[in-house]
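The values are calculated or read from the model by the stated rules, or taken from the named source; none is laboratory data. Bear in mind that the values here come from a model prediction, so they are computed numbers and not experimental data. Glycine gets a Cβ as well: all are built from the backbone with ideal geometry, and neighbour counts include every protein chain shown.
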Amino acid sequence: MDRWIGKVAIVTGASSGIGATAVKALANAGMIVIGLARRAERIQELKQDVSPEVANRIHAHRCDVTSEQSVVDAFAAVDRQFGGVDVLLNNAGVSKLTCTLLTPGNGADLRTVMDTNVMGLVLCSREAFQSMKRRSVDGHIVNINSILGHKYVAFPNLNIYSASKYAVTAITETLRNDLRNEGTRVKVTSISPGIVRTEMVPEGDQFADTPMLEADDVVGAILYALGTPPHVQVHEVIIKPVGEMV
Ligand SMILES: NC(=O)c1ccc[n+]([C@@H]2O[C@H](COP(=O)([O-])OP(=O)(O)OC[C@H]3O[C@@H](n4cnc5c(N)ncnc54)[C@H](OP(=O)(O)O)[C@@H]3O)[C@@H](O)[C@H]2O)c1
């Protein structure tokens, strides 16, 4: 990770779960980290968990990744205040376990999932790349995908979530091709976890006996991918807890 010391990382969905853990880990590794989320105040609170020196490298910016203007404004603010972005962690994501694909009136929920998990990731990648290109930076885009982006699993009410993650699998490879065609050495990595113990997973009996990863396990994979030498590109990491059925 030494080559990223003093460089700038943007983490989307930084207010809880994997994103919040990643903010602290990247700042601990010496990066300047700007966390994006709608609940920006929760990103500020992360500073209490690290030393004062590391806390100085953590910054919060309110951003709704479903709004193109909000994304453009956030990346412009990072360009102005920090010079630009070197690493993007596309982590913001939602599931809406309230309906099936056939439930009447489900349009708003389904659109929220696609706008967050798919369009949010695409728009943030575009803005990050433009910042890297302007400054001739060989940066790194890391997409938090899911095992459900590689295999359909019949969990109840997952509706369009799995399709949104299959889209992330395809978008990662499309980005890789676009980045190569642009003549850059910007890397893109997909990290696909099984179930992770975060606020996204409903509490209760349904998952009582299910083995789960912790956010730290996923962040370990992020640090591994970022820590590879400039000529090495980790394409895809699938991580599951031992004993997981799917
Ligand atoms: N937990 C799992 O089992 C699991 C498994 C595989 C993959 N994943 C993926 O891991 C990623 C992180 O999820 P998590 O498990 O850490 O869940 P989480 O604790 O619920 O965190 C989700 C994060 O996404 C942010 N977010 C949601 N909508 C947003 C929006 N419109 N604009 C900006 N930020 C938004 C939330 O922030 P605000 O609400 O403050 O905006 C929050 O910080 C997601 O992409 C998820 O699909 C999770």
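Observations
- Boolean, Thr98 is surrounded by fewer than 21 Cβ atoms within 10 Å (Cβ to Cβ) and at pLDDT 95 or above: no
- When we screen Glu41, Glu53 for residues that are within 12 Å of the ligand (Cβ to nearest atom) and surrounded by fewer than 17 Cβ atoms within 10 Å (Cβ to Cβ), the only hit is Glu41.
- Each residue in the range 143-154 was checked for being outside any strand (DSSP E or B) and either within 19 Å of the chain's Cα centre (by Cα) or in contact (Cβ under 8 Å) with a residue 60 or more places away in the chain (or both), and 8 pass.
- Residues in the range 164-205 that are free of Cβ contacts under 8 Å to residues at least 40 places away in the same chain and farther than 29 Å from Asp86 by Cα were compared, and the one that is farthest from the ligand (Cβ to nearest atom) is Asp205.
- Residue within the range 135-154 that is more than 20 Å from Ala92 (Cα to Cα), of a type outside the set (Gly, Ala, Ser) and buried (at least 16 other Cβ atoms within 10 Å of the Cβ) present: yes
- Of all residues in the range 110-128, those that are surrounded by 22 or more Cβ atoms within 10 Å (Cβ to Cβ) and away from the ligand (no atom under 14 Å from the Cβ) total 1.
- Against the conditions (1) free of Cβ contacts under 8 Å to residues at least 60 places away in the same chain; (2) in a helix (DSSP H, G or I); (3) surrounded by 15 or more Cβ atoms within 10 Å (Cβ to Cβ), Ile222 satisfies every one except (1).
- Leading residue by the ranking (surrounded by the most Cβ atoms within 10 Å (Cβ to Cβ)) among those in the range 1-38 that are over 10 Å from His61 (Cα atoms) and basic (Lys, Arg): Lys24
- Selection status of Ala25, touching a residue at least 60 places away in the same chain (Cβ under 8 Å), assigned to a strand (DSSP E or B) and among the hydrophobic types (A, V, I, L, M, F, W, C): no
- Test: residue in the range 41-57 that is at pLDDT 95 or above, under 16 Å from Glu199 (Cβ atoms), under 16 Å from the mean Cα position of the chain (by Cα) and part of a helix (DSSP H, G or I): yes
- Residue in the range 134-142 that is under 22 Å from Gly35 (Cα atoms), away from the ligand (no atom under 16 Å from the Cβ) and in contact (Cβ under 8 Å) with a residue 60 or more places away in the chain present: yes
- Single residue of the range 167-191 satisfying the filter (acidic (Asp, Glu) and assigned to a helix (DSSP H, G or I)) that is farthest from the chain's Cα centre (by Cα): Asp178
- Scan of the range 192-216 for residues that are assigned to a helix (DSSP H, G or I) and more than 10 Å from Ile18 (Cβ to Cβ), ordered by number: Asp205, Gln206, Phe207
- Looking at Ala20, Ala77, just one residue is assigned to a helix (DSSP H, G or I), in contact (Cβ under 8 Å) with a residue 12 or more places away in the chain and within 14 Å of the ligand (Cβ to nearest atom), and that residue is Ala20.
- Selection of the range 86-109 for residues being more than 16 Å from the ligand (Cβ to nearest atom) and touching a residue at least 60 places away in the same chain (Cβ under 8 Å) yields Asp86, Val87, Cys99.
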